[in-house]
Amino acid sequence: MSVTVAPPDTWVYALRLPHDPRAARVARMTVRAVLRGHGREEVLEAVELLASELVTNAYLHTRGPASLRMTALSDGRIRVGVWDSHPYVPAPFAKPPGDRVPPAGVDREGGRGLYLVQEYADWWGGWPLEGGRLGRGGGKLLWFEVGGAGVAPEGGSSR
C-alpha cells in the first residue's frame, strides 16, 4: 500500500498599495477574493475588517505607500502583515502581551481599529524596521493572525 502525503495548503499573497484613500477598499477586495478562492470563508469577515483597519491607519498616519501580505500557515492560521513608512508602533502592537487599547469613547470618530485587532485577532505583534530591512526603507510592520491551532507564535501577543 502506498501512502501519499499532501503538502499543507500554504500560500502567500502580497499587495503594494499607493498612498490613496481607496487603498483600504482595494485591500478588502483582495482579502475577500483570496480567502474565498482558498475556501477560507470562516475567517473572511475578521481578516477583511482587520486588514482594512490597518491599511486605513497606514493611509491616515503616513504619507507613503503601504504593503499588505497574507500568508496561510501550515497549521491553518492566516497571518496578515501591513507595512507602512512610519516607524511608530502603536498599542496593542508595541508591548505584547500586556499593552492593550481601551475601547474608544462613543463620541469619538476614530480610534477603534486597534481595539478591534485585539478583540478579533488570535495573535498580533509589530516591529519597527530599520532602513533597508525588507527592501522598503524602514517604517514598521504590524501583523495579526486568525484561525488555526491557537499556538502563540514567538514574540506575539494574544487576547
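From A66, A152, which residue is closer than 22 Å to V26 by Cα and either modelled with pLDDT under 95 or open to solvent by less than 70 Å² (accessible area, probe 1.4 Å) (or both)?
On the way: A152 fails: closer than 22 Å to V26 by Cα.
Just a single option satisfies the conditions, and that option is A66.
Would you confirm whether or not the stretch 98-107 contains a residue that is within 25 Å of E41 (Cβ to Cβ), open to solvent by 70 Å² or more (accessible area, probe 1.4 Å), modelled with pLDDT under 90 and out of contact with any Lys or Arg (no Cβ under 8 Å at 6 or more places or on another chain)?
Just the residues of the stretch 98-107 that are within 25 Å of E41 (Cβ to Cβ), to begin with: none.
Checking the stretch 98-107: not a single residue is within 25 Å of E41 (Cβ to Cβ), open to solvent by 70 Å² or more (accessible area, probe 1.4 Å), modelled with pLDDT under 90 and out of contact with any Lys or Arg (no Cβ under 8 Å at 6 or more places or on another chain).
Please indicate, with yes or no, whether at least one residue in the stretch 86-95 is surrounded by fewer than 18 Cβ atoms within 10 Å (Cβ to Cβ), among the aliphatic types (A, V, I, L, M), at pLDDT below 95 and out of contact with any strand residue (DSSP E or B) (no Cβ under 9 Å at 6 or more places or on another chain).
For the stretch 86-95, residues surrounded by fewer than 18 Cβ atoms within 10 Å (Cβ to Cβ), among the aliphatic types (A, V, I, L, M), at pLDDT below 95 and out of contact with any strand residue (DSSP E or B) (no Cβ under 9 Å at 6 or more places or on another chain): present.
Name the pairs: first residue in the stretch 14-29 and open to solvent by less than 90 Å² (accessible area, probe 1.4 Å) and at pLDDT 95 or above, second residue among the charged types (D, E, K, R) and not in a helix (DSSP H, G or I), Cβ to Cβ under 8 Å, at least 6 apart or on different chains?
A14/R69; L15/R69; H19/R63
For E45, which of the numbered conditions (1) closer than 15 Å to V146 by Cβ; (2) of a type outside the set (F, W, Y); (3) crowded, with 16+ Cβ neighbours inside 10 Å fails to hold?
So E45 meets the others, but not (3).
Condition first: touching a residue at least 24 places away in the same chain (Cβ under 8 Å) and under 19 Å from V117 (Cβ atoms). Now tell me which residues in the stretch 35-48 satisfy that. Give the steps one after another, and end with the answer.
Going residue by residue through the stretch 35-48, those that are touching a residue at least 24 places away in the same chain (Cβ under 8 Å) are 35, 38, 40, 42-43, 46-47.
Listed by number, the residues that qualify are L35, R40, E42, V43, A46, V47.
The values are calculated or read from the model by the stated rules, or taken from the named source; none is laboratory data. The structure displayed is predicted, hence computed values, not measured ones. Note: ideal-geometry Cβ built from the backbone for every residue, glycine included; neighbour counts use all protein chains shown. The protein model used for the area step is the full one, side chains on, heavy atoms only, and it has no ligands, DNA or RNA in it. Shrake-Rupley method; radii C 1.70, N 1.55, O 1.52, S 1.80 Å.
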